[in-house]
Each structure stands twice: as C-alpha cells, then as structure tokens.
Amino acid sequence: MNTVWLIPTLACYAMSAAGFAMERAGIRTRLARWATPMLAAGAALQTGDLLMRGIQAGNVPVTNFGQSLVFLAWLTALAGLVVIVRTRMPVIGVYVAPIVFVVLALEATTVRQARLAMPQTLRSVWLPIHVTLALLGYALFVIAAGVSLVYLVYEKRLKAKRPLMPTDERTPSLEKLDRINYRLLGWGFLMLSLAIVTGAIWADAIWGQFWSWEPAESWTLVIWFLYAGLLESRLTVGWRGRRAAALTIVVFTVLVGSFVGVSLLAPGKHGGNFG
Amino acid sequence: MRESLFIFGINHRTAPVAVRERLAYPEGEIVAALARLKQAAPAIDEVALISTCNRVEIMGVTIAPDRAQREATNFLACDRGVDATDFAPALYVHQARAAVRHLFRVGASLDSMVVGEPQILGQLKNAYAQAAAAGTAGLVLHRAFHKAFSVAKRVRKATLIGHGSVSVSSAAVGLAAKIFDTLTDKTVLLIGAGQMAELTARNLKRLGVQSLLITSRTFDNAVALARRLDGTAVPFDNFRPYLKLADVVVGSVAAAAPVIGPEEFEGVIRERRYRPVFMIDLGVPRNFDQRLNALENVYLYDIDDLSTVVQESIGDREREAEKAEGIVDLEVDSFLKWLGGLDLVPAIKDIRSSVEQLRELELERHRAWLASLAPGERERIESMTRGLVNKLLHRILSGIREGRAGVADGAYAAEIARRLLSNELAIEGDVLIDDDSDEDDDL
C-alpha cells in the first residue's frame, strides 16, 4: 500500500479498534461513539488506495500474498461493517477492527514483497471475479469465526450464571449470534464454491485443464469439505449453538493455517508464480 | 425577601405505609386540593403536590418559608383529617438549594425505594400537570419541574441507573432475552401453577410468548391458570412428552426429589436437535437436577442464581447512582444561578428607570436651547445622551450579572446600585422593591 494512503487508513482502523474496545468496556467517550464511522472511514480510504492501484495495474491488485492480505483485510472491513450495521451488533467490531488493523500493519512492515507484473496472457475477466469471490468467502469466514467467539464467551457466562454485566444490556442473544453465524457460513460457502468454479473455468481457458492439484487448490478443497460438513451437521443432526460455534473456530483455524502456510511455503500459481 | 423553593413531606424512608396511605391523595382530587391549599396558605406563592404510594410531598415557592410550612402542615392535617402529631415526626423539610436538589433526585429516581425505577418520572410529570391545571404553578415551579425532567433524562442517558433486573421474575425474563432473540415463536412449560410461576409467565407473555403449557399436581389449578393466561393445561402424570416442545421450562412444584433428571433430559435435547432450553427453577427443594446445566445448550437457573443476578443489578445501580448524584449537583447549580438572576430583575428595572429619568431631566433643563437648534442637531444630541446612558447602564448591569462587583450576591450588588442611583426614594426603597416583586410574579 502507498504510504500516503496507508498512514491515514491505519490510523482510522486503530481508532476504530480502540473505540470498539471502549464501547465494550462501558467507557463512554467520543471515540467509542465514532467506532463504526471510523471503521467505515478506514474502509473508504482503503477503497481509494485499491482503486488507484487497480487502475494503475489495469486489474485487481492481488498478484502476491501481501496484496491478497490487504485485499482480504479490505473485504473483511466491508463485510464487518455490513454485519455491524445490519444486525446492530457493535460487539463484532471489537473483533473485526483490530484484525483488519493488524493484518494491514503486518503487511506494511514485514510481508511486503516486490510486486509482480502479471503476464499479459493471464489477464482475463475471470481473474477479478475469481479472486474477489475467494477472498470474499474468506472474509465472511473471518467474521463467522468472530461471531462464534462472541457466542462462546457469552454462552460461558450464561452457564457460569454471571450473565448481566451492566454494559451487557445491549448484547445480542445467543439465538441471534447462532443464526448470524449460520448465515455467514452459508454465504461464505457459496462464495468459496463459486470461486472454485470460476477458478477452474479460468484455468481451463489458459492452461487447458480445470484442476492442477497444486497446494492452494488441494487445501481449498479440504476447506470446502470442512465447511460443507459444518453446514450439513446443523441441517441433519442439528448441531447448533456451542458445538457449531466451536467447530466454526476450529475450521477457521485450519483455513488460516492453510492460507498462510501455502502462500509462504508453496505459493505455486496462486502465489503469483505463473509459469 | 427572596423567593425560595421548599419541599416538605414524607416518604417511604421516613414513614410507614400506615401513615403514607392516610396522607396520600387520590389522583383525581389533587387539582381541587391544590386550590384549597392555596386558599389556606397565603404565604405560599406557587405550589404543587406530589402524591405516590411512596411519597406525599408539598413543593412550593414562598418568601416566608417558616410561615409557609406551618400553614401547609396545618392544611394537610385538616384536609386529610389526620392529627398533625401523627405525621410530624416523619416530616422532612428542604429549603432553597436542598429543595431543588431533592426535586431533581426524586425525578432522577435516586430517592426511590428501588433506585432507578422508571415510574417516578411519570408520576412527577403528573404532579406538574395537575399544578399547572390548578393554576398554582408559576414561573419558578414551571422552570423547576422542566429542569427536573431534563435532569432525569440526562441521568438516564449518561448512567446505567435503570439497567438490570431488580426482581426474581424480571431477572428470569431478562435471562430469557439473553438466550433467545425473540420469544414469539417459543413455547413455555410451567410445571407447577404457583404465584411465582404465574408472575414469571406473565412477564414472558409480555415479551411475546404465545404458546404456554401448564401442568400442576392439582389439575384444576393448571386449568384455572391456563384460563387466566390463555394457555393449555396438561395433566401432571403425562407432561413429559411436552418437554421436547418447551424452550423455557419453569419449575415451581413442591417435590422432595427433582422432577427432571439429566439422563432423561439428554434424550429430550437430542429430540429437540439441540435447540437451547432455558430452565427456571423456582422450587425449594429444587425441581430440576443441577447437572442439567452441564448439558449442551441447556441453561439452568435456580432461585439462588436468580437472586444473585438481582443482587448484582442492585449493586450496579447503586454504583451508577453515585455518578447520577454528580449530574444532579451540577444541574442544581445551574438552576440556582437562574433563580438568583431572577431576583435581579426588579432592581435592574429600577436602575434603568432612574438613569433614564436623569437623562430626561437633563434634556428638560435645556429644552429652550434645544428648541433653538436645527432638527438634525437636536436629534444628534438626543442620540448622544441615549448612547452615553446605555453605555453606562451596560457596564453597571453586566457587571452585576457577572458578579464583578466583588460581592458574592448579585442581588446585593444590584440593590446597592439601585439605592445609589435613585436619590429621591432612598429611604422608602423597600416599599418599591415589594411593588416590583409582585409585578415580577406575573411575568
């Protein structure tokens, strides 16, 4: 990311994270009230940066791991905003804002790699569609894991019979958290499935084969099956509530491990080594 | 000589209900009572009557507080037919600053039996409406009540004083709202049809519960309660098949051993496909085995758990009340400042007219010379004198308002300025103030 954009973007995300934390702790400050607008401001600034770079590159700016992290952080911030506003659950911000901030800050300070020019042959309408769908699916899984985390914390408090902190008056119910988790998983799964399909179509158009069993592809398939199982267990056996939340977090951990692991250890074509 | 607020009365802390109920006024009689009170107590300029089940208070504005209080006490004794000695020991009196503070604390629900309860504000608004209807609320009371309402609003916004549950049944319902997003599609099963169960069920119904199953050892009780609450009665020896339908189970039967055990309920949970169940155990001995709480998506609260929740809420409210007291104190200051400024009005009026008189006198003296001038020049002289007078007045008056005279009391400074400026009325000055105070009342 360009530093001209980076510094204000990071500042907005940091202030948003601090604001959400204060809001949770019951500290009523102006920052706490402005936590959501700050998140939106951060996302808007980042949108500006991505647009500039997209226009420069003539395509979605995701040619290496660092860039896909930035893109993922952006989608997570956007999806988080939608969830916070639509479900009126600022508690999700306590999780989303710091994650977006940390991912961006990490990318800026450590991961940053040389940008690779994408070969002319690979440029296609399928690229932005494939990449956006895949990362949007991941962003939804990030938020689903956050919702599940909140679920587990609240459920533990209810079981331990210490449920009514004064600042908890507006906390969402378990039922609502469970339902939103389910919806996020469903949408995320749909995005991931479409990403696989569009990726296959693109691969077929360029390399003449739908699937090449490179690490990123294999792991994506594993992830796809895990989320499919998660959704299926709810529909058939009725695994919901605590168990569903715990499993969501477990599967998400696998997702993070494979995303980071594959990108750093065996990037392949998905890492930008188009050969 | 200054108008000042006073409140006196009894409340739940100073008088038992046996005394409060004898002094309390039925709502419909307050307007008439205020009219009688105004007649019987000429020392009181403005008055309102606050009568709830926890307090009977007379709040008024007077320039003679002691006389006003005597008259009002006598009135209360006569009007309610109670011997004054019966309630005199329970009476508290607040004057000036303390009275304003008391009114604001009452409105903000800091003086309530259950701190933070919301009804008192409505009751206070009622008392104000009645005083307004009776025509006994004047400039000061209007302002005091409106300020009390805005203080209450501010306290509610800035603190968590009204949060949390302060009764067992409301705690149970509050917990239900933590587990379930909506209760309209949920089923409640009452095992036992006692009073606590009924209260809890009513609270749940208020949150939208539509499906209510009731079972009781004595089937007739279940049927009677089902009729009252629009539910369905189920025979006690056959309620188990209904367990899997129930999202909320309320137990309140007298039973030596738990009515529901964990082994049995595990099957129920599976049948429910792990949909959460909230179990409220109001029974002593307890109706539900404690181990149920360990089952997946089952939340069991017994009577002690609920009491703990209540205790914590009360503790939280008390902590919030301290913050609220700070807000009240600030608002009392700002109200008293306004009230103090009010006292300046008659003196300021005098100062203005004295200075204006001097100006006119001076113009009068030079009338002949002025008449010889051209109209434009005459006007110029007019406006020059007026400008001089206004500048002088502005400096004096704004100095008084801002307390620049070096004396704490703005009214005192204004009085000095008034006496110094009005040469012909220096000795009879007090008479003039009285005249103007009356005028001021009609503002």
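The values are calculated or read from the model by the stated rules, or taken from the named source; none is laboratory data. As the structure is a prediction and not an experimental result, all values here were calculated from the model. All Cβ positions, even for glycine, are placed from backbone atoms using ideal geometry, and neighbour counts span all protein chains on display.
Inspect all residues belonging to the range B:74-89 and state whether any of them is part of a helix (DSSP H, G or I), buried (at least 23 other Cβ atoms within 10 Å of the Cβ) and among the aliphatic types (A, V, I, L, M).
Yes - at least one qualifying residue is present in the range B:74-89.
Please specify each residue of the range A:19-39 satisfying the condition of being buried (at least 19 other Cβ atoms within 10 Å of the Cβ) and away from chain B (no Cβ under 14 Å).
Passing the criteria: A:G19, A:F20, A:A35, A:T36, A:M38, A:L39.
Counting only residues that are in a helix (DSSP H, G or I) and more than 30 Å from B:I400 (Cβ to Cβ), how many does the range B:352-370 have?
Total satisfying the criteria: 4.
Could you check the range A:196-222 and list, in sequence order, the residues that are part of a helix (DSSP H, G or I) and either touching a His at 6+ places or on another chain (Cβ under 6 Å) or over 17 Å from A:L127 (Cβ atoms) (or both)?
Those that are part of a helix (DSSP H, G or I) and either touching a His at 6+ places or on another chain (Cβ under 6 Å) or over 17 Å from A:L127 (Cβ atoms) (or both): A:T198, A:G199, A:W202, A:P215, A:A216, A:S218, A:W219, A:L221, A:V222.
Hey, among A:L235, A:L185, A:L231, A:L192, which residue is over 19 Å from A:W126 (Cβ atoms) and crowded, with 20+ Cβ neighbours inside 10 Å?
A:L185
Could we say that A:K156 is loosely packed, with under 15 Cβ neighbours inside 10 Å and within 30 Å of B:Q290 (Cα to Cα) here?
Answer is yes for this residue.
When A:A57 is evaluated against the numbered criteria (1) touching a helix residue (DSSP H, G or I) at 6+ places or on another chain (Cβ under 6 Å); (2) under 23 Å from A:L135 (Cβ atoms), which criterion, by number, is the only one it fails?
(1)
All but one of (1) in contact with a Leu (Cβ under 8 Å, 6 or more places away or on another chain); (2) within 14 Å of another protein chain (Cβ to nearest Cβ); (3) assigned to a helix (DSSP H, G or I) hold for B:S307; which doesn't?
(1)
Just give me the residues in the range B:276-318 being crowded, with 18+ Cβ neighbours inside 10 Å and of a type in the set (G, A, S), in sequence order.
B:G283, B:S313 - these are the residues of the range B:276-318 that are crowded, with 18+ Cβ neighbours inside 10 Å and of a type in the set (G, A, S).
Quick check: anything in the range B:266-286 in contact with a Pro (Cβ under 7 Å, 6 or more places away or on another chain) and charged (D, E, K, R)?
yes
Hey, among A:R28, A:R24, which residue is free of Cβ contacts under 8 Å to residues at least 12 places away in the same chain and farther than 30 Å from A:L265 by Cβ?
A:R28
Tell me, yes or no, whether the range A:214-231 has at least one residue that is away from chain B (no Cβ under 14 Å), of a type outside the set (G, A, S) and farther than 20 Å from A:A139 by Cα.
Checked the range A:214-231: at least one residue is away from chain B (no Cβ under 14 Å), of a type outside the set (G, A, S) and farther than 20 Å from A:A139 by Cα.
Which condition does B:E312 not pass, out of (1) at the interface with chain A (Cβ under 9 Å from one of its Cβ atoms); (2) part of a helix (DSSP H, G or I); (3) touching a helix residue (DSSP H, G or I) at 6+ places or on another chain (Cβ under 8 Å); (4) in contact (Cβ under 8 Å) with a residue 24 or more places away in the chain, if it passes all the others?
Every listed condition holds for B:E312 apart from (3).
Would the range B:190-207 turn up any residue that is without any contact (Cβ under 8 Å) to a residue 40 or more places away in the chain, out of contact with any Gly (no Cβ under 9 Å at 6 or more places or on another chain), within 14 Å of chain A (Cβ to nearest Cβ) and at negative phi?
yes
Kindly indicate whether A:V197 is aliphatic (A, V, I, L, M) and without any contact (Cβ under 8 Å) to a residue 40 or more places away in the chain.
yes
Could you list, in sequence order, all residues of the range B:1-43 that are of a type in the set (V, I, T) and at pLDDT 90 or above?
Within the range B:1-43, B:I7, B:I10, B:T14, B:I30, B:V31 meet the criteria.
Just to verify a result, which residue in the range B:326-351, among those that are within 26 Å of B:L393 (Cβ to Cβ), surrounded by fewer than 17 Cβ atoms within 10 Å (Cβ to Cβ) and of a type in the set (D, E, K, R), is modelled with the lowest pLDDT?
Going through the qualifying residues, I end up with B:K349.
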